[in-house]
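The values are calculated or read from the model by the stated rules, or taken from the named source; none is laboratory data. A quick note: this is a predicted structure, and the numbers were derived from the prediction, not measured. Don't worry about glycine lacking a Cβ; one is built from the backbone with ideal geometry, like all the others, and counts go over all protein chains shown.
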């Protein structure tokens, strides 16, 4: 029957980051399955990242009335009218999440 080793993943991942090695080389040196190491690394990275992204809002004013606003994420920009119904905005944000 095969025995499984228990690893201190946070310690190994921190050591990997400090090593400057590729994942493949680090795993080879530590005698760790590189696929499993990659799975554990991604699992921990995804825990630390929020599912939300910060967006900037640009508005164009004519006098004191906003004519539209822009939702920008990276190179993607979506222009919306200032009088866009809140439910439509919520639907848009939900579909982008």
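Summary of computed values
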read-out: Search result, residues across the range 59-92 that are touching a strand residue (DSSP E or B) at 6+ places or on another chain (Cβ under 6 Å) and at pLDDT 65 or above; value: 67, 68, 69, 70, 71, 72, 77, 78, 79, 80, 81, 82
read-out: Residues located in the range 64-94, provided they are over 23 Å from the mean Cα position of the chain (by Cα) and loosely packed, with under 10 Cβ neighbours inside 10 Å; value: 64, 65, 83, 85, 86, 87
read-out: Breaking point among (1) surrounded by 11 or more Cβ atoms within 10 Å (Cβ to Cβ); (2) modelled with pLDDT of 85 or more, for residue 18; value: (1)
